[in-house]
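The values are calculated or read from the model by the stated rules, or taken from the named source; none is laboratory data. Remember, predicted model here, so these are calculated numbers, not experimental data. Don't worry about glycine lacking a Cβ; one is built from the backbone with ideal geometry, like all the others, and counts go over all protein chains shown. Ligands, DNA and RNA are excluded from the accessible area calculation, which covers all protein heavy atoms including side chains. Shrake-Rupley method; radii C 1.70, N 1.55, O 1.52, S 1.80 Å.
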Amino acid sequence: MKTDKRSITATLDGEPYATRLSTRGISILADEPAEHGGQDLGPRPHELLLGALASCTAITLRMYADRKQWNVGPIEVTAVMDRSQEGNKVDTRIRLEVALRPDLPEDQRARLLQIAAMCPVHRTLENPVHMEIIEGGRS
């Protein structure tokens, strides 16, 4: 079994919800919009999740097209989440909208739509995810 370990650190130390995310020396901000008490300085956490899925899908499609030496042009992926909650029960549905060049041959278009479901983030979300919360020390 192949294992792969990745991490990102979220630090919230000032503004009500503006949170610095750091990984591999790269930092971005997450926040909440003003109507939720934030300052809208960055994407909301669910938007980051959708961004991970959309970007991974686009990258996977580009890698596949490059290997096949297909000139597919721009690839645009929009991830849309519909989420409903009743008590503790949450129902989440995510739809990926893949926009490809209109003149792309139908066989390439069909194959790319199949490949879209094979991106690593998509596969992670479709399989069991085991989470635990532990107290970590500060370095």
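Using r as the Cβ-Cβ distance of Thr124 and Ser22, and R0 as 25 Å, what FRET efficiency do you calculate, to the nearest 0.05?
0.75
Sequence neighbours fewer than 8 away in the same chain don't count; with that in mind, list the aspartates and glutamates whose C-alpha is under 20 Å from Lys2.
Glu126
How many percent of the accessible area of the chain is carbon or sulfur, using a 1.4 Å probe?
Carbon with sulfur: 51 percent of the solvent-accessible area.
Could you work out [θ]222 nm for the chain from helices alone, using -39500 (n - 2.57) per DSSP H run of at least four and dividing by all its residues? Round to the nearest 500 deg cm²/dmol.
Rounded to the nearest 500, it is -9500 deg cm²/dmol.
Exposed loop sites here are GluC sites (Glu not before Pro) in DSSP loop states with at most 16 other C-beta atoms within 10 Å. What is the longest stretch of the chain lacking them?
Result, exposed sites excluded: 1-131.
Give me Rg over Rh for segment 44-97, both radii from the alpha carbons and Rh done the Kirkwood way, two decimal places.
A ratio of 1.15.
Can you give the log10 of the normalised intensity I(q)/I(0) at q = 0.09, 0.14 Å⁻¹, computed with Debye over equal Cα scatterers of the chain?
Log10 I(q)/I(0), no solvent term: -0.39, -0.88.
With +1 on each Lys and Arg Cβ and -1 on each Asp and Glu Cβ, how big is the dipole of the chain about its Cα centre, in debye rounded to the nearest 20?
Rounded to the nearest 20 debye, it is 760 debye.
Under a 1.4 Å probe, what is the accessible area of the chain per residue, stated in Å²?
Using a 1.4 Å probe on heavy atoms only, each residue of the chain averages 78 Å².
Less than 15 Å Cβ to Cβ from Val98, Lys/Arg counted +1 and Asp/Glu -1: what total charge do the surrounding residues give?
+2
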